[in-house]
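Taking it in order: structure first as structure tokens, then the write-up.
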Amino acid sequence: MFGFLKKWLGFSKETLQNDEDQMKKFLIVGLGNIGDDYTDTRHNIGFKILDFLAKKQDITFETAKLGDITTLKLKGRTLILLKPSTYMNLSGKAVKYWLDKEKIPLDNLLIVTDDLNLPFGALRLKTKGSDGGHNGLKDIQNKLQTTKYNRFRFGISASFSKGRQVDYVLGKWNAEESTKLDERLNVSVDLIKSFVLAGVSNTMNLFNGK
């Protein structure tokens, strides 16, 4: 069968193998801002979720071009975890660089980000949509030239008074949120693993609103 494909379609065994390998590679990007001032802030939940996943899997991040990066093997799949070092507003530069470098299909990209429009700890996985006023998503959309990419939104709620949005998203978790955060992080890690192993549609059915 392979000889027929090679003869009539011009495919090589190596080409077919490379295509299959690329389909098993995933880029999981947590959005956030670098620096101690931003650690444990609401806007950095993308970093926090990836740090939590890395700790559970006993892997560590290393500094690379445009971000901190590590690799996780999961049941025959390769997950490249990326925390961009470009600051939130330029996240798209790092996303596009690593997508291209690792030759990862757009369908295998997952952006992990905060969402003011969801209650604290609510999870929502979507395959497309607007940036919703989020500067990180806006830059990713501009660099990829599409709104059709997977994004995992973690709710941080909108419990701030008028004119205080920036202070709120760049603020630390309050005491009540902190006590509930580990449980939400565990569910978030399960969502990421499900995305990789079970696919986006099944994961949306299992986790959205959970």
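Of note:
- When we screen LYS180, LYS193, LYS148, LYS143 for residues that are in a helix (DSSP H, G or I), surrounded by fewer than 16 Cβ atoms within 10 Å (Cβ to Cβ) and modelled with pLDDT of 95 or more, the only hit is LYS180.
- Within region 28-45, considering residues that are in a loop (DSSP other than H, G, I, E, B) and of a type outside the set (A, V, I, L, M), the one nearest to LYS172 (Cα to Cα): ASP40
- Evaluation of LYS96 against (1) more than 24 Å from ASP190 (Cβ to Cβ); (2) modelled with pLDDT under 95 (one fails), failing number: (2)
- Selected residue [of a type in the set (Lys, Arg) and touching a Lys or Arg at 6+ places or on another chain (Cβ under 8 Å)] from LYS138, LYS128: LYS128
- For region 83-90, the criterion of being surrounded by fewer than 16 Cβ atoms within 10 Å (Cβ to Cβ), modelled with pLDDT of 95 or more, of a type in the set (D, E, K, R) and outside any loop (DSSP other than H, G, I, E, B) is met by none of the residues.
- Yes/no for LYS48 being out of contact with any strand residue (DSSP E or B) (no Cβ under 7 Å at 6 or more places or on another chain), of a type outside the set (A, V, I, L, M, F, W, C), part of a helix (DSSP H, G or I) and modelled with pLDDT under 90: no
- Residue match in region 199-206 (condition: hydrophobic (A, V, I, L, M, F, W, C), in contact (Cβ under 8 Å) with a residue 60 or more places away in the chain and closer than 24 Å to ILE80 by Cα): yes
- Hits in region 23-67 (condition: among the polar types (S, T, N, Q) and either without any contact (Cβ under 8 Å) to a residue 12 or more places away in the chain or buried (at least 23 other Cβ atoms within 10 Å of the Cβ) (or both)): THR39, ASN44, THR60
- Flag if THR147 is within 22 Å of VAL95 (Cα to Cα) and free of Cβ contacts under 8 Å to residues at least 24 places away in the same chain: yes
- Residue within region 151-170 that is surrounded by fewer than 18 Cβ atoms within 10 Å (Cβ to Cβ), touching a helix residue (DSSP H, G or I) at 6+ places or on another chain (Cβ under 6 Å), over 18 Å from THR41 (Cα atoms) and at pLDDT below 95 present: no
- Residue in region 96-116 that is surrounded by fewer than 18 Cβ atoms within 10 Å (Cβ to Cβ), in contact with a strand residue (DSSP E or B) (Cβ under 6 Å, 6 or more places away or on another chain), in contact (Cβ under 8 Å) with a residue 24 or more places away in the chain and under 23 Å from TRP173 (Cα atoms) present: no
- Qualifying residue in region 121-142 (condition: closer than 21 Å to LEU82 by Cβ, among the hydrophobic types (A, V, I, L, M, F, W, C) and touching a Gly at 6+ places or on another chain (Cβ under 6 Å)): yes
The values are calculated or read from the model by the stated rules, or taken from the named source; none is laboratory data. What you see is a predicted model; the values in this text were computed from it and never measured. Cβ sites come from the backbone with ideal geometry, for glycine too, and all protein chains shown count toward neighbours.
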